[in-house]
Amino acid sequence: MSGLTVGILGCGKMAGRHLGALKALAPEASVVLYDPVAEAAEGLAGGYDDSVTAVASPDELFATPGLNAVLVLTPTPSHADYVIRALEADAHVLCEKPLAMDEDEVRAIGAALEAAGARAREAGRPEPVLQVGYLYRYMEPMRAARRVLDSGALGEVRSALFRLGGRGNASAWKHGRGSGGGALREMAVHELDTALWLFGDLELGAVLEKDLLQTTRT
């Protein structure tokens, strides 16, 4: 991975995890960090050598020479803008879930991805990859379930009850629509992605039950 240059937008908890994993895999990678709270980016960069630097604006990050990939780790309402800008810079993109706030934003991202792919084909270079950070499909219990389904041991599956649960994250902003996209975008997207991965494309989708247990995240 010689010459790898990666930009990270958003320097909260997930940025530390992504940066640590990246440096473990590619110690020589150059990483550029941006966060609207400058101290967050500077503090994260301070834990590494001069191959990790903080910049003052997204414009400066996207103008980084030789930018190969961008990690979008910011609150959900900013995802579409940053993902599109990264694709316009012909970079690969990993975006924390969910990808966007609504279908219109997803379609705009799709158009930017198609345009970036066309530029890459014309230039004879690999097309950019856009991926969303859905973890559950990589966890061993889910992979074991996939192996059982693929084996045919259960026959034709007509119905499945699928639940993911845990104590959740105590950060209230993640569950507000205006900041984190709302509870469905924050949590239920994991269930939907894993269900699609296990069972294939949906023919029909419907909300059967919806209940708000707490009006305020505690």
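The values are calculated or read from the model by the stated rules, or taken from the named source; none is laboratory data. Just so it is clear, the model here is predicted, and its values are computed rather than measured. Note that we place each Cβ from the backbone using ideal geometry, even for glycine, and neighbour counts take in every protein chain shown. Just the protein is used for accessible areas: all its heavy atoms, side chains included, with ligands, DNA and RNA removed. Shrake-Rupley method; radii C 1.70, N 1.55, O 1.52, S 1.80 Å.
One way to sum up the overall shape of the stretch 1-75 is the equivalent ellipsoid from its Cα gyration tensor, whose semi-axes run 17, 14, 11 Å, largest first. Restriction of the GluC sites (Glu not before Pro) in the stretch 1-78 to DSSP coil positions whose beta-carbon has at most 11 other beta-carbons within 10 angstrom yields Glu28. Angle of helix 103-123 to the longest C-alpha principal axis of the chain, folded into 0 to 90 degrees and rounded to 10: 50°. Using the Cβ-Cβ distance between Tyr48 and Trp173 with R0 set to 30 Å, the FRET efficiency from 1/(1 + (r/R0)^6) comes to roughly 0.70. Largest GNM mean-square fluctuation across Gly176, Gly20, Gly124, computed for the chain with C-alpha springs under 10 Å, falls on Gly124. With kT/(6 pi eta Rh) evaluated at 20 °C and eta = 1.002 mPa s, and Rh the Kirkwood radius from Cα pairs, the chain diffuses with a coefficient of 111 µm²/s according to Stokes-Einstein. Other residues whose C-beta falls under 14 angstrom from the C-beta of Ser51 contribute a net charge of -2, scoring Lys and Arg +1 and Asp and Glu -1. Its relative contact order, with pairs defined as Cα atoms under 8 Å and 6+ residues apart, puts the stretch 10-132 at 19 percent. What angle do you read, to the nearest 10 degrees and between 0 and 90, between the alpha-carbon axis of helix 79-88 and the longest principal axis of the chain? The answer is roughly 50 degrees. Out of Pro128, Ala15, Ala29, whose Cα points farthest toward the positive end of the dipole of the chain (charges: +1 Lys, Arg; -1 Asp, Glu; placed on Cβ)? In the chain, that residue is Ala15. Within the shell of other residues whose beta carbon sits under 13 angstrom from the beta carbon of Leu9, the net charge comes to -4, with Lys and Arg scored +1 and Asp and Glu -1. Once both labels are positioned 7 Å from their Cα atoms along Cα-to-Cβ, the gap between Ala111 and Val189 label points is 2.1 nm. The Cα-based radius of gyration of the stretch 128-208, divided by its Kirkwood radius, gives an Rg/Rh of 1.01.
For the chain, the solvent-accessible area with a 1.4 angstrom probe is 61 square angstrom per residue. Electrostatic tally near Arg147: other residues with Cβ closer than 13 Å to its Cβ, Lys and Arg +1, Asp and Glu -1, net +1.
Quick check on the stretch 56-140: take the gyration tensor over C-alpha atoms, sort the square-rooted eigenvalues as a ≥ b ≥ c, and tell me if it's rounded (a/c under 1.5), prolate or oblate. Since a/c stays below 1.5, the shape of the stretch 56-140 is classed as rounded.
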